[in-house]
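Worksheet: the structure to be examined is printed underneath.
The values are calculated or read from the model by the stated rules, or taken from the named source; none is laboratory data. A quick note: this is a predicted structure, and the numbers were derived from the prediction, not measured. Virtual Cβ from ideal backbone geometry, glycine too; neighbours counted across all protein chains shown. The accessibility values were calculated without ligands, DNA or RNA, using every heavy atom of the protein model including side chains. Shrake-Rupley method; radii C 1.70, N 1.55, O 1.52, S 1.80 Å.
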Amino acid sequence: MGIFNFNAIDTKGNSLLVEAFYEPDLSNRTGYDDGFLGAKVSLPKITETITDCIVTNPKPSINGVNYLDYTHFSILFNKTKKLPFATAVNIQGLTNELGIVHETRSGDTWYQDKRIFENEKTNQFSNGDYLYSGFQRGHMVRYYDPAWGRTMEIKKIAIGDTFHFTNCCPQMANLNTGAWLDLENYSMARALFQDEKVTVFAGPIFRKAMQIDKLLVPINFWKIIVYKKGNTVEAIGFLLSQEIAFNKMLQENLIIETDKKYSKPTLTKDHIDKLFNKKNLKGYMIKIEQLEEKTGLDFGLKSYDLNKNKEANFFEKLEKDTFAPSYKKRFNKIMKYIEFNESLNDSFNDAEFIKNM
């Protein structure tokens, strides 16, 4: 077992050194619990369209060979794209002390999952692929979402498990520290102050993904939040895009070299409503049935969808790739240290942009 540290910010704004455990041997992980909410919420079912792309777990737990199990979460991994199809995490607020803090991080250490190596080779990205790419390694399962349990050791192991390349996708800071972060905070706030337990599914959409140097970069990402509702469950689907950041960069050839850090105040109960309305998170909602069409997965949640009876078609079908070859060529040359100041995006309405995709 190895130990690695990264910096966070405590409730008073002071630097906080967070310790995590890295274990290369993941054979004892049991992963996602489908009975966690007190009502069965199954892992996404695999359709025939994606069967051949799924990596298999050589030492599976109860979740089967198609899922890579970690501490309190599991991943359906696309060996062709080198990115996750879907992640599934159980979040318990009661014993998750770290979840209450909005962090500024630095010094992350990421690892490849040794279980899916074949002849010393693996279909995973690496630190070298991300180096100087301009993209952040965006957690699909946030690092402290599964950091709960009876002992501190369990929590540290759970944090370490999230730092595997099977659990991240290339994201621009515009999304990773923007609406995606708001949605992560919203689900955690619900677990801490409202529902006690929340299940979250998340992942990329591969249609329109772009090959940028060594990385395959999805343009759009989805998330489903599931929580207890009486004797059953309720679910909300979301679709978020980083296409606005691509277009902004291509139009203005904007490059900013920066060490800008992001920190926010400690989560409170009041943040549930504030986060849900911030940056029009409601505007990113999508019917789960539509997410199934876009991902090729069967979530089994359509009857529990909060928006199942809404007449509005939240998101029209995604248009074909709008990036001309000349733009793609330019893009490869200007990816180093790309950042976008939030003030530069004030003229854009993210919700309206995505609704009209």
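How many residues are under 27 Å from Leu37 (Cα atoms) and either surrounded by fewer than 22 Cβ atoms within 10 Å (Cβ to Cβ) or of a type in the set (S, T, N, Q) (or both) if we restrict to region 200-226?
Taking region 200-226 as the starting set, the residues that turn out to be under 27 Å from Leu37 (Cα atoms) are 200-205, 221-226.
Now drop any that are not either surrounded by fewer than 22 Cβ atoms within 10 Å (Cβ to Cβ) or of a type in the set (S, T, N, Q) (or both), which leaves 205.
Residues in region 200-226 being under 27 Å from Leu37 (Cα atoms) and either surrounded by fewer than 22 Cβ atoms within 10 Å (Cβ to Cβ) or of a type in the set (S, T, N, Q) (or both): 1 in total.
So, in region 187-199, exactly how many residues are part of a helix (DSSP H, G or I) and open to solvent by 10 Å² or more (accessible area, probe 1.4 Å)? Full working, then the answer.
Initial filter on region 187-199 (part of a helix (DSSP H, G or I)): 187-193.
Next cut, open to solvent by 10 Å² or more (accessible area, probe 1.4 Å) only: 190, 192-193.
Total satisfying the criteria: 3.
Give region 34-72 a look and list any residue that's at positive phi and surrounded by fewer than 20 Cβ atoms within 10 Å (Cβ to Cβ), or say none. Even if it seems obvious, please write down each step before you answer.
First pass over region 34-72, keeping only residues at positive phi: 38, 64, 72.
Answer for region 34-72, where residues must be at positive phi and surrounded by fewer than 20 Cβ atoms within 10 Å (Cβ to Cβ): Gly38, Gly64.
This table checks each residue for (1) open to solvent by 90 Å² or more (accessible area, probe 1.4 Å); (2) in contact with an Asp or Glu (Cβ under 8 Å, 6 or more places away or on another chain); (3) at pLDDT 55 or above; (4) closer than 22 Å to Trp180 by Cβ.
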| position | (1), (2), (3), (4) |
| --- | --- |
| Glu257 | yes, yes, no, no |
| Lys274 | yes, no, yes, yes |
| Asn277 | no, no, yes, yes |
| Asn313 | no, no, no, no |
| Glu316 | yes, no, no, yes |
| Ala324 | no, no, no, no |
Can you name the number of the only condition in (1) at pLDDT below 90; (2) open to solvent by 10 Å² or more (accessible area, probe 1.4 Å); (3) not basic (Lys, Arg) that Met249 fails?
(2)
Can you name every residue in region 73-95 that is of a type in the set (A, V, I, L, M, F, W, C), within 16 Å of the chain's Cα centre (by Cα) and either open to solvent by 20 Å² or more (accessible area, probe 1.4 Å) or closer than 12 Å to Phe201 by Cβ (or both)?
Phe73, Ile75, Leu76, Phe85, Ala86, Ala88, Val89, Ile91
Among residues of region 201-228, those that are out of contact with any helix residue (DSSP H, G or I) (no Cβ under 8 Å at 6 or more places or on another chain) and at pLDDT 90 or above, counted:
8
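Looking at region 100-138, which of the residues that are modelled with pLDDT of 80 or more and in a strand (DSSP E or B) is nearest to Asp270 (Cα to Cα)? Walk me through how you get there before you give the answer.
At the first step, the residues of region 100-138 found to be modelled with pLDDT of 80 or more are 109-117, 122-138.
This time we only want the ones that are in a strand (DSSP E or B), so: 111, 117, 122, 136-138.
Values: Tyr111: 36, Phe117: 45, Thr122: 44, Gln136: 29, Arg137: 29, Gly138: 26 Å.
Filtering region 100-138 for residues that are modelled with pLDDT of 80 or more and in a strand (DSSP E or B), the one nearest to Asp270 (Cα to Cα) comes out as Gly138.
Each row is one residue, and each column tells you yes or no for (1) among the polar types (S, T, N, Q); (2) under 12 Å from the mean Cα position of the chain (by Cα).
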position: Lys155; (1), (2): no, no
position: Gly160; (1), (2): no, no
position: Thr166; (1), (2): yes, yes
position: Cys169; (1), (2): no, yes
position: Arg190; (1), (2): no, no
position: Lys214; (1), (2): no, no
position: Val226; (1), (2): no, no
position: Ala235; (1), (2): no, no
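Could you please give the count of residues in region 157-186 that are outside any loop (DSSP other than H, G, I, E, B), over 20 Å from Ile224 (Cβ atoms), modelled with pLDDT under 90 and open to solvent by 10 Å² or more (accessible area, probe 1.4 Å)?
First, the residues of region 157-186 that are outside any loop (DSSP other than H, G, I, E, B): 157-162, 164-171, 173-176, 179-186.
Those still in the list that are over 20 Å from Ile224 (Cβ atoms) too: 157-161, 164-165, 170, 173-174.
Remaining after also requiring modelled with pLDDT under 90: 173-174.
Next cut, open to solvent by 10 Å² or more (accessible area, probe 1.4 Å) only: 174.
Total meeting the criteria: 1.
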Residues of region 49-72 classified as over 19 Å from Val200 (Cα atoms), charged (D, E, K, R) and either part of a helix (DSSP H, G or I) or touching a Gly at 6+ places or on another chain (Cβ under 8 Å) (or both), total:
1
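Would it be correct to say that Lys81 is part of a loop (DSSP other than H, G, I, E, B), farther than 28 Å from Arg190 by Cα and at pLDDT 90 or above? Break it down into steps so the answer makes sense when it comes.
Values: part of a loop (DSSP other than H, G, I, E, B): yes; farther than 28 Å from Arg190 by Cα: yes; at pLDDT 90 or above: yes.
Spelling it out, Lys81 is indeed part of a loop (DSSP other than H, G, I, E, B), farther than 28 Å from Arg190 by Cα and at pLDDT 90 or above.
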Restricting attention to region 135-142, does a residue exist that is farther than 29 Å from Lys45 by Cβ and under 19 Å from the mean Cα position of the chain (by Cα)?
yes
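Looking at Lys114, Lys82, which is the one that is charged (D, E, K, R) and at positive phi?
The match here is Lys82.
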Among the residues of region 102-154, write down those that are closer than 18 Å to Tyr32 by Cβ, open to solvent by less than 20 Å² (accessible area, probe 1.4 Å) and touching an Asp or Glu at 6+ places or on another chain (Cβ under 9 Å).
His139, Val141, Arg142, Tyr143, Tyr144, Asp145, Pro146, Ala147
